[in-house]
């Protein structure tokens, strides 16, 4: 097993050969301290196809968990499988990095964090986008006092849902899915990195369409999905620092003009880049002055490098450096540096998301019990060391 001060790369085994696995496999050679050793999936054909496309070995899950050459499991399964796969990997003595959310209920999230800490293993979780250039630049502006103390803010994620681009989108519309659990981690993770932990929430929610029709190309085109989780949720987040942020997340909106995240400080305002990606332009004002821009493209993990095949030609490329959290976790393990994209952060975000859903269902404000410290800032010099 890799331990602190070890210099050999961390052997990574991927469990889950779905849509998101391709970008992880493509990006992994960009990062220091990582070596892809295999790919497993409950569908052997999918594992073989992804392994062949990215020059690694197809494996069974049992073989992967037993392999001494694999130090860390990258859990890319569907959300409802996150707990079982991550728990099995931890009990097999593997470090774990999971796609978001950490799991689909708070009790299981607490079990994972406790299991990792009891065994002396690292548990990490997406999103790691706040470690990218855009998130770091926005954090630096706040920490430097460019806009003063943050008093309030707003965060919006609105679209027409997932069935238009994802070939098998049913899980998005079932318990464990919905915009809060699927995309909420990006926004809440970014906000916690910028402002610190969330203390209390109020919320309302609804289901905009009782059924969804899959229009994405694939074997399920034309099928109908019964929607069983809220697809529009609005919330008020109270942070321990005193800031109040209005959050609106919906898959029932055809078009809107809201910025993703805006923060309002005592000395000005700040617009944060799309937290689903790693770069982007930070906009800010000095008191009531005009908006000014600061582009993060020249910083580590800020250069645009990716676009979705479903995007229109008018939409610009984005910085997509998924695997950054893996590399930061590997460096933490090898050099004793802070582990920022951690299981504890993911558990705090998970508790906040379920507090939002509970408040939306009951109409009663909910406290977020899991107290954490704001993650230490990732400075540019250390970020640069994560490149291969």
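General remarks:
- Applying 1/(1 + (r/R0)^6) with R0 = 25 Å to the Cβ-Cβ distance of residue 387 and residue 311 gives a FRET efficiency near 0.40.
- Calculated on alpha-carbon atoms, Rg and Dmax of the range 55-127 in Å: 11.7, 38
- Segments 273-280, 25-32 sorted - mean Cβ within 10 Å per residue, highest first: 273-280, 25-32
- Max mean-square fluctuation residue, GNM over the chain, Cα-Cα springs under 10 Å, options 50, 244, 292: 292
- Longest to shortest principal axis, alpha-carbon extents of the range 340-385, angstrom: 47, 15, 14
- Contact order relative to length of the chain, as percent, for alpha carbon pairs under 8 angstrom and 6 or more apart: 21
- GNM result for the chain, Cα springs below 10 Å: residue of 13, 148, 289 fluctuating most strongly: 289
- Three-way shape label, the range 246-308, alpha-carbon gyration tensor, a/c 1.5: oblate
- The distance between label points at residue 19 and residue 53 comes to 1.3 nm (points 7 Å beyond Cα on the Cα→Cβ vector).
- Judged by the mean number of other Cβ atoms found within 10 Å, the most tightly packed of the peptides 226-236, 205-215, 88-98, 347-357 leads the ranking 347-357, 88-98, 226-236, 205-215.
- Using a Förster distance of 56 Å, the FRET efficiency for residue 43-residue 149 (Cβ separation, nearest 0.05): 0.65
- Counting DSSP beta bridges with both ends in the chain, the antiparallel % (nearest 5): 60
- Taking packing as the residue-averaged number of other Cβ atoms within 10 angstrom, the listed peptides 111-117, 173-179 run from highest to lowest as 173-179, 111-117.
- Inter-label distance for residue 80 and residue 114, nm, one decimal - labels placed 7 Å from Cα along Cα-to-Cβ: 2.5
- Between residue 293 and residue 30, the contour length at 0.36 nm per residue exceeds the alpha carbon distance by 91.9 nm.
- If R0 is taken as 25 Å, the Cβ-Cβ distance between residue 365 and residue 240 corresponds to a FRET efficiency of 0.95.
- Largest-first principal axis extents of the Cα set of the chain (Å): 58, 50, 44
- Taking the number of Cβ atoms within 10 Å of each Cβ as an exposure proxy, the fewest-first ranking of 187, 24, 264 is 264, 24, 187.
- Cα gyration tensor shape of the range 1-124, rounded if a/c is under 1.5, else prolate or oblate by comparing a/b with b/c: oblate
- The range 101-139-the range 170-191 distance, computed between alpha-carbon centres (Å): 15
A short reminder: the numbers here are calculations on the coordinates, not readings from a lab. What you see is a predicted model, and the numbers here were worked out from it, not measured in a lab. Ideal geometry is used to build each Cβ from the backbone, glycine not excepted, and the neighbour counts take in all protein chains shown.
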